[in-house]
Structures are given as C-alpha cells and as structure tokens.
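Each remark here refers to the structure printed beneath this line.
The values are calculated or read from the model by the stated rules, or taken from the named source; none is laboratory data. The model shown is predicted, which means the values in this text are computed figures rather than measured ones. A quick note on method: Cβ atoms are made from the backbone with ideal geometry, for glycine too, and the neighbour counts reach across all protein chains shown.
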Amino acid sequence: MVLEGKKILLGVTGGIAAYKAVEIASRLRKKGAEVHVVMTREAARFVTPLTFREITGQPVSLDMWEEPAHWNVEHIALARMADVCLIAPATANIIAKAAAGIADDMLTTTLLAVKAPIFFAPAMNSAMYENPVTQENMAKLQARGWHKIEPATGHLACGGSGVGRLPEPADIVREMEETQARGKTLAGKKVLVTAGGTLEAIDPVRFIGNRSSGKMGYAVAQEAAQRGAEVVLVAGGTVALADPPGIRVLHTESALAMREAVLQEAADAAVVIKAAAVADYRPKERAKQKIKKNDAELTLVLEKNPDILMELGARKRETQILVGFAAETQNLLAYAQEKLKKKNLDLIVANDVTCPDAGFNTETNLVKIIGRDGSIKELPLLSKQKVAKTILDAIESLQK
Ligand code: PMT
C-alpha cells in the first residue's frame, strides 16, 4: 500500500538486465504507483521506449533535446514530480557518473535535481562490481543517502557466475516498499553514533592508529537518519569518508578528543551506538618535534586511554539505549558478553574480525547482536548497510 498513488521515477540504464525493468515497472503499476521512465540511449538498445510507454501509460524520457511533450524544463519537472526514484538496472557507468555529479544526458541531469529518496540496483559483471572504483562510487552514493539494493549472486550474462545479478523484480519492489513503510520511526529522537579509529600522536607527524575506515559507523548513522532521527556522528581520525548530508558530523582525532565530543552529545541522546575503534592506549609523551632517527632502539611508553563506553554506561539514563561493538579475534561471544555486562549496555554487536570480508575497512561484516536479556541474533556475512538496518531494528524493538 505504501507505493499506492506515489509518483515513481524509474531510471533504466544500458545493461542486459534492462529487460527486467519492464517487469519492475509493471509491478509498481500494479501496486498503484504512477511510473515515469527515464532511459539512457544505451538502455534503449536493449528495450524500446515503446515497451515502457505501453506498460506505464506515460511518456518515456530519453533525449534532452527532443521537443518536450508537456513539461517546462523536462528534467527539472521530472525531478520535482518524483516521490521516489529507482535506478534499475544501475550500470557501473551510471553509478560512476552519479557519484561524480556528471550531468550529460536526461537521466544523469534529472538525478542531480532529485530531492526524493533514490534507490539503485547495481547489475554488472562481478569483476566490474568488485572493482575498487565501483565500490568507492557506490559508497559515495550511499554516503549521500542513496539506498543500495544489493545485487544477487548467480549466473551472469557474461557466462561466469558471481555477484552482480539484478535481483528479481518482486524482491526489488518489496525492498522499496519495506524501506518506505519503515518510515520515520526514529523521528524526534537524537541518535549519537561514533565511527572510525582514533589516532594517538607520537610526534607532529607520527601516530598509533588502527584500520577502522568508519564505514560501519557511517552506515549506522545513515540508517538512523533515514528513519528520521536527528543524528550526530562523531568520527575518529582515521575516517576519510565524505560527510553524509543531513547528519551533523564532529571530526575528532584522538580518544581524548572523541571522549569530549561524545560525553557532551550523549547527555540528551535517546540512543548511543559506539562503532568506533578507540585506542586503548596513547603515547605518554607527545614529542614536540619530529623524533630523529638514531642507532638506538626507541621505546614508547603508553598510558591508558579512558574507556568512553564504560563512562557512558555508568551515567546512562533509564530511557537511554546504549549499544557497543566488540571487535574480537577469539572467544567472540564470551568476550562480547563480558563487555556488555561490564559496560552496562543494552546491546552489543559482536564483530568477528578474523573473517577476511568482515571488520576493519571492508564493505561487508559478520556480526552477532547480543541483548542484555541473553538473546543472540546471529547474522550471515552482510553489507554494512544491512547490518546497520538489523542493529536499528533491534534498537527499535527495545524501545517498544
Ligand atoms: O570502521 P570500519 O572499517 O567499518 O570497521 C568497523 C569496526 C570493525 C571498527 C566495527 O565494526 C567495530 O567492531 N567497532 C568496535 C571496535 C573496537 O574497538 O572494539 P573493542 O572491543 O576494542 O571496544 C568495545 C567497545 O568499547 C566499542 O564500542 C568501542 O567503541 C568502545 N571503547 C573501547 C575503548 C575505549 N577506550 N573506549 C571505548 O568507548
């Protein structure tokens, strides 16, 4: 029902899966949506605009320079009209262009002006999908609040098998519906999230740090923002991600600086989620000048950093929900459960960082979500966005 009466802008780009967009358009119509298709020239080589016109009952936009049927400035009118936008299939090319802000055809120009939620369903050969540049481009779009519909794994048009298949049209429409239906469930709530690793200075140019990219915490922050929360994101010094729109980002470097920002913001936060990898120790002395090399060994004396999460647990209000992470290489459950108790948490996300595609600086993660009531939700290897969704679902069910 959530799509009924909605005006949906369906962007179709030039991949073999373009034929599946016909079924997507048809399913959206059956849900009562009004579907307006914008195709790239390449997409029109796979499926004709006429097919979409017949299925949607609406004119199809393809060419910036055609005499407009009834719009004033067509791409702006299309962008303004959209309640929701879906790009399916989304090729590596459209993802790269959108990430770079390129506007050189009807679809890319329209996308730049869209203010409505944008879903995109990548579909391509698995090597293209896994290429770091495509991964970076997708991460950029997600950082701007675009919803990625994860590709399926299986037989690919190029003959091989792997990740990159466009999911079934029914699954794409269901994901759009579920996301739209979830609505603004955290409206009016302040959610504080920490992300990334802290940097502990040795001298003006050197530091002790860790490999946390901030991707997990950013995914959590974006999911909370999509659910309507007022989100404050405290990022550590290792983070090199773009600030997501609509989220107040406080950039810090060391554990001490992160502590200051977190304690200040936590006072009125309804939910605090600590995905940051905070250094447990810092160099006792910070050399004023760059330390010069000589033949002797160098000994660094480290002193303990405050445990920010422990402090938050000690001052937690009754209505506040406190969620920690535990990155472990052994005894995952036992160590995580111990931290949950010791730090007075409501939930802990036990993160197995021994799996090659999980933990630090990966796109995916492998976690178990443990509640203070002893419940354990074990998740398979998922994108960090999907892990973030599950964490927020768990938080919301605690609030009920
Ligand atoms: O940023 P990514 O590249 O996406 O990687 C994500 C991640 C692996 C960093 C993330 O998923 C994760 O597991 N974060 C927690 C990492 C960690 O430092 O775990 P820990 O077990 O050392 O700490 C337990 C909890 O106490 C964490 O919530 C941590 O934020 C907090 N802590 C720890 C030490 C300290 N001095 N102060 C703290 O607040």
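Tell me, which residue of region 42-70 that is at pLDDT 95 or above and of a type in the set (D, E, K, R) is farthest from Gly14 (Cα to Cα)? The selected residue is Glu54.
Of the residues Lys316, Lys339, which is within 11 Å of the ligand (Cβ to nearest atom) and among the charged types (D, E, K, R)? Give the steps one after another, and end with the answer.
Working: Lys316 fails: within 11 Å of the ligand (Cβ to nearest atom).
After applying the criteria, what remains is Lys339.
In region 264-278, the residues that are within 21 Å of Ile369 (Cβ to Cβ) and more than 15 Å from the ligand (Cβ to nearest atom) reach residues that are at pLDDT 95 or above and assigned to a loop (DSSP other than H, G, I, E, B) with C-beta atoms within less than 6 angstrom, at least six apart or across chains, in these pairs: Ala270/Lys189.
For region 321-336, a residue qualifies if it is more than 10 Å from the ligand (Cβ to nearest atom) and either surrounded by 20 or more Cβ atoms within 10 Å (Cβ to Cβ) or not assigned by TED's automatic domain parsing to the domain that holds Leu241 (or both), and the qualifying residues are Ile321, Leu332.
Could you say which residue among Ala235, Ala229 is out of contact with any Gly (no Cβ under 6 Å at 6 or more places or on another chain) and assigned by TED's automatic domain parsing to the domain that holds Gly324?
Values: Ala235 fails: out of contact with any Gly (no Cβ under 6 Å at 6 or more places or on another chain).
None of the others qualify; the one that does is Ala229.
Given the criteria within 8 Å of the ligand (Cβ to nearest atom) and at pLDDT below 95, does Ala242 qualify? The answer is no for Ala242. With respect to the conditions (1) in contact with a helix residue (DSSP H, G or I) (Cβ under 6 Å, 6 or more places away or on another chain); (2) buried (at least 18 other Cβ atoms within 10 Å of the Cβ); (3) of a type in the set (A, V, I, L, M), Val163 lacks only one, and its number is (2). Residue count for region 324-351 under the criterion of being more than 21 Å from Ile395 (Cβ to Cβ) and of a type in the set (Asp, Glu): the result is 2.
I'd like to check which strands (runs of 3 or more DSSP E) are fully inside region 99-205 and have at least 2 residues that are touching a residue at least 60 places away in the same chain (Cβ under 8 Å) and not aromatic (Phe, Trp, Tyr).
Correct list: 190-195.
Residue count for region 358-387, restricted to those that are over 19 Å from Gln337 (Cβ atoms), within 12 Å of the ligand (Cβ to nearest atom) and charged (D, E, K, R): 2. Ala225: more than 14 Å from the ligand (Cβ to nearest atom), touching a residue at least 12 places away in the same chain (Cβ under 8 Å), part of a helix (DSSP H, G or I) and crowded, with 20+ Cβ neighbours inside 10 Å, yes or no? Here the answer is yes, as Ala225 does meet what is asked. Selection over region 303-360 of residues that are touching a Ser or Thr at 6+ places or on another chain (Cβ under 7 Å) and either within 28 Å of Lys284 (Cα to Cα) or of a type outside the set (S, T, N, Q) (or both) gives a count of 5. Taken as a whole, region 47-60 holds no residue that is without any contact (Cβ under 8 Å) to a residue 60 or more places away in the chain, more than 22 Å from Pro167 (Cα to Cα) and within 26 Å of the chain's Cα centre (by Cα).
More than 9 Å from the ligand (Cβ to nearest atom), polar (S, T, N, Q) and surrounded by 15 or more Cβ atoms within 10 Å (Cβ to Cβ): does that describe Thr252? It would help to see each step written out before you state the result.
Values: more than 9 Å from the ligand (Cβ to nearest atom): yes; polar (S, T, N, Q): yes; surrounded by 15 or more Cβ atoms within 10 Å (Cβ to Cβ): yes.
Taking the combined requirement at face value, the residue satisfies it.
Entry remark, region 6-26: residues being surrounded by fewer than 17 Cβ atoms within 10 Å (Cβ to Cβ) and either outside the structural domain of Met64 (by TED's automatic domain parsing) or among the charged types (D, E, K, R) (or both) number 1 in total.
Applying the condition of being more than 7 Å from the ligand (Cβ to nearest atom) and more than 30 Å from Asn131 (Cβ to Cβ) to region 342-357 and asking which residue is farthest from the chain's Cα centre (by Cα) yields Lys342.
Taking first residues from region 354-379 that are at negative phi and partners that are within 10 Å of the ligand (Cβ to nearest atom) and basic (Lys, Arg), the Cβ contacts under 8 Å between residues at least 6 apart in sequence or on separate chains come to Phe360/Arg211; Thr362/Lys215; Thr362/Lys384; Glu363/Lys215; Glu363/Lys384; Thr364/Lys384; Asn365/Lys384.
Of all residues in region 369-386, those that are surrounded by fewer than 18 Cβ atoms within 10 Å (Cβ to Cβ) and either within 18 Å of Ala334 (Cβ to Cβ) or among the small types (Gly, Ala, Ser) (or both) total 8.
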